[in-house]
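Next up is a structure, given as structure tokens.
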Amino acid sequence: MEEIRPGVWVVYAENKGRFPFAHSLYLEGRQRALIDTGAGKGLQQLVGKVDRVFLSHFHRDHVAGNDLFSGASFSIHPLDEPGVTSVEGFYRLTGLIRFDQSYWATLNQERFTATTVTETHREGDRIDLGGLTLRVVHTPGHTPGHCAFLVEEYNLLFTADIDLSSFGPWYGNDSSDLEQFQRSVDQVRSLKPGLLVSSHSPPVTADIDRRLEQYGAAMEQRHELVYRLLSREAMTLEQLIDLKPIYGRHPEPAPVYRFFEGNMLKKHLALLLAAGLVRRTGKGAYAARPQDHYSGNS
Ligand SMILES: [Zn+2]
Ligand SMILES: [Zn+2]
């Protein structure tokens, strides 16, 4: 745990913050608050010391330690609430409901424990912790109810899974939205935070706007990549997934990574179709329409 500003600590996660772990933010005003509970071991020292837990979104790597803080209140954006209150809601928001449930049994991944949500937060809410103030910034795209939190006293923004990772933005759930994600990155940039803490990368103090711009640009780069691949030859979604244009590799459990790759590709394809840059062929494949728009890109 590092006190990054007076009364504000980053709880660094196990595994250097890589999935299935995520950094948390702990704030000590007159009330003691924790944002996300997926940091692993580092949270043990806070057991019994947290009054309020705020969840950035419903993903398991951000809520895995909820049980540790059973005496605290729990808040999440209403759109993500079903993802923590029931396993059905989790499967529906992720889209993993489309997998045969027996598959999950073989993966031993049914570790879902429901959270009792006691309050919700929305865009613009100001949460007075007594000496520290959190402002909720609704940043959908990764998930529908994904939120960032601004610590107003320090212009410190916790951006959760707008995470400045080298992988780039992730929108692999059924409920993820590529265009919303782009707008959310722009919104975060417009806030001009002086210190940015996110869930899977180290805190950023310098070049924040440039880092966010680069991070957001990955979405447009993938968009052009999908277009270029389809310019070479028409392909079905499955053939596109085989090329792993977004992930590069599909580690085990490979079917899950194929699923996420496919979901992200589908969002690009939907936008390319809507823009008239891609068309469906007779055989369920996608083909690029020749355009000047992307021809200048290498
Ligand atoms: Zn997430
Ligand atoms: Zn995460």
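Throughout, read-outs are computed from the coordinates displayed, never taken from laboratory work. Computed from a prediction, not measured in an experiment: that's the story for all the values here. All Cβ positions, even for glycine, are placed from backbone atoms using ideal geometry, and neighbour counts span all protein chains on display.
Output the peptides 119-130, 146-157 sorted from most to least packed, where packing is the average of other Cβ atoms within 10 Å over each peptide's residues.
146-157, 119-130
Ok, one more. Ranked highest first by the average count of other Cβ atoms within 10 Å around their residues, in what order do 29-40, 83-94 fall?
For the peptides 29-40, 83-94, the packing ranking is 29-40, 83-94.
Moving on to the next point. Using 0.36 nm per residue, how much length does the chain from E213 to Q187 gain when fully extended, once their Cα-Cα distance is taken away?
8.2 nm
What are the ³J(HN,Hα) couplings of region 141-149, residue after residue, when phi is run through the Karplus curve with 6.51, -1.76, 1.60 and θ = phi - 60°? Round to Hz, x for glycine and proline.
Computed from phi, the couplings for region 141-149 are x, 4, 9, x, x, 4, 10, 9, 10 Hz.
Can you find, among S75, S165, S231, the residue sitting farthest towards the positive end of the charge dipole of the chain, where Lys and Arg contribute +1 and Asp and Glu -1 at Cβ?
S231
For T133, list long-range residues whose amide hydrogen, built 1.01 Å from N in the peptide plane, is under 5 Å from its own amide hydrogen.
Result for T133 returns E152, E153.
State to the nearest 20 debye the size of the charge dipole of the chain about its Cα centre, where the only charges are +1 on K and R beta carbons and -1 on D and E beta carbons.
640 debye
Something else now. Which is farthest toward the positive dipole end of the chain among G65, V117, Q101, measuring Cα position about the Cα centre, with Cβ charges +1 (Lys, Arg) and -1 (Asp, Glu)?
Result: Q101.
Considering amide H positions built from the backbone, and no H for Pro or chain starts, which residues 5 or more places from V53, or on another chain, come under 5 Å of its amide H?
When sequence neighbours closer than 5 places are left aside, the close amide H contacts are L34, S73, F74, S75.
Would you work out which of P6, P144, L156 lies farthest towards the positive end of the dipole of region 2-205? Charges go on Cβ: Lys and Arg +1, Asp and Glu -1.
Sorting the options by dipole projection puts first P6.
Using just the Cα positions, wrap region 2-205 in a convex hull and report its mean projected area in square nanometres, one decimal place.
Its Cα hull, projected and averaged over all orientations, spans 10.5 nm².
Out of residues 5 or more away from T115 or on other chains, whose amide H comes under 5 Å of its own, with H placed 1.01 Å from N in the peptide plane?
Sorted by chain and number, the residues that satisfy this are T85.
Another question, if that's okay. Suppose every K and R has +1 on its Cβ and every D and E has -1 on its Cβ; what is the size of the dipole of region 223-298 about the Cα centre, in Debye to the nearest 20?
180 debye
I would also like to ask the following. Name the residue, out of P203, P255, P144, whose mean-square fluctuation peaks in a Gaussian network model built on the chain with Cα pairs under 10 Å.
Taking springs between Cα atoms under 10 Å, the residue moving most is P255.
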